1. What number, in percent, do you get for the relative contact order of the stretch 160-282 if the mean sequence gap of Cα pairs under 8 Å and at least 6 apart is divided by its residue count?
2. So how do 352, 31 line up by other beta-carbon neighbours within 10 Å, fewest first?
3. If you wrap a convex hull around the alpha carbons of the stretch 172-231, what volume per residue comes out, as a whole number of Å³?
4. Between residue 198 and residue 399, what is the label-to-label distance in nm when each label sits 7 Å out along the Cα-to-Cβ direction?
5. So for each of 197-209, 112-124 I average, over its residues, the number of other beta carbons within 10 Å; can you give me the resulting order with the highest mean first?
6. Test of understanding: in a Gaussian network model of the chain with alpha carbons linked when under 10 Å, which of 282, 290, 387 would top the mean-square fluctuation ranking?
7. Pairing the Cα long axis of helix 3-29 with the longest principal axis of the chain, what angle in degrees results, from 0 to 90 and rounded to the nearest 10?
8. Need the C-alpha centroid separation for the stretch 208-226 versus the stretch 349-385, integer Å.
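Every number in this text was worked out from the coordinates using simple rules, so none of it is lab data. Just so it is clear, the structure is predicted and the values come from calculations on it, not from any experiment. All Cβ positions, even for glycine, are placed from backbone atoms using ideal geometry, and neighbour counts span all protein chains on display.
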């Protein structure tokens, strides 16, 4: 190789190592960027010169001269970054494989950045480019996730009130006050149930009377019976009456005292005049407003309401690409991929897909210790390449001076 070739090779080193410095500086600059994936520069040696032996057969000699170095692109490291809690219910991270799917005017993008928000139309969108976050329905098709229909929880009228504990067979009467039920509009009504021992007429029989909050009788001559073992009797373990408030449509309510032969509901054992029969639960709910939401490990949106109801509002879709290096980085943690046939669409915690971590974001996977190590290597390579150019230049200068002096 000539001195000029040496200068060229050294210069190629300077250029390539400076590009390596660009990659490292970009990695370090994004060490706090959510979802950022670090890159590595690929170095590639240039073509070689061979000399003939000078023999008749014109074989190549063992001497070969390289022509320096260049870069052949970068590779992206898709290793998992740490998940950091934010406390923001619209922040979501993926622990394991998968990309979020963003859709905007026919364009489909992929990202590990799960910083979302709800736009003015109720859609869950990415804060990066305001594109809609894709969910997936039961048929496996991508759909938008919208909160508009999830703001309120409708009222549900009480259909059944279940009672528990013991109604003493030795008592003459037992009254339960403030039995809370709901009408079809979600309005609360507090009823009173009075049970009177009717054993003198029918063994182990009780007659019930129901009054509203104003003391008006709304149902009477209601009967329940118990078996000899103290459990509810078949055909007499419940009674039904109609709640007919002034400002709402009427609805039927069943007072249930347990399954016949079972001791999990109400019982009737002898305990003197003391009874502790009480309401166990009722199935009505008032009108509720949204108080919060979260995403489960499976990516299912769970919405919470002021009435204690929890509803599901869709499920996040995830994508996985087998050819990760074929994905094109666009900035903002966004990627695009043209070969749709090689993309797997699914849900979290299913197959190869990772799980969803709600209230968190994935931070950058940049390792500063690795970047500093690479920085030292690039710096030394640049310095040595610069030294090679300087020495070759001095040798060339000396050659010119010696030639000119003859």
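1. That works out to 36 percent.
2. Neighbour counts put them in this order, fewest first: 352, 31.
3. Roughly 99 Å³ of hull volume per residue.
4. 12.1
5. 112-124, 197-209
6. Answer for the Gaussian network model of the chain: 387.
7. Taking the Cα atoms of the chain, the angle to 3-29 is about 20 degrees.
8. Between the Cα centre of the stretch 208-226 and that of the stretch 349-385, the gap is 72 Å.
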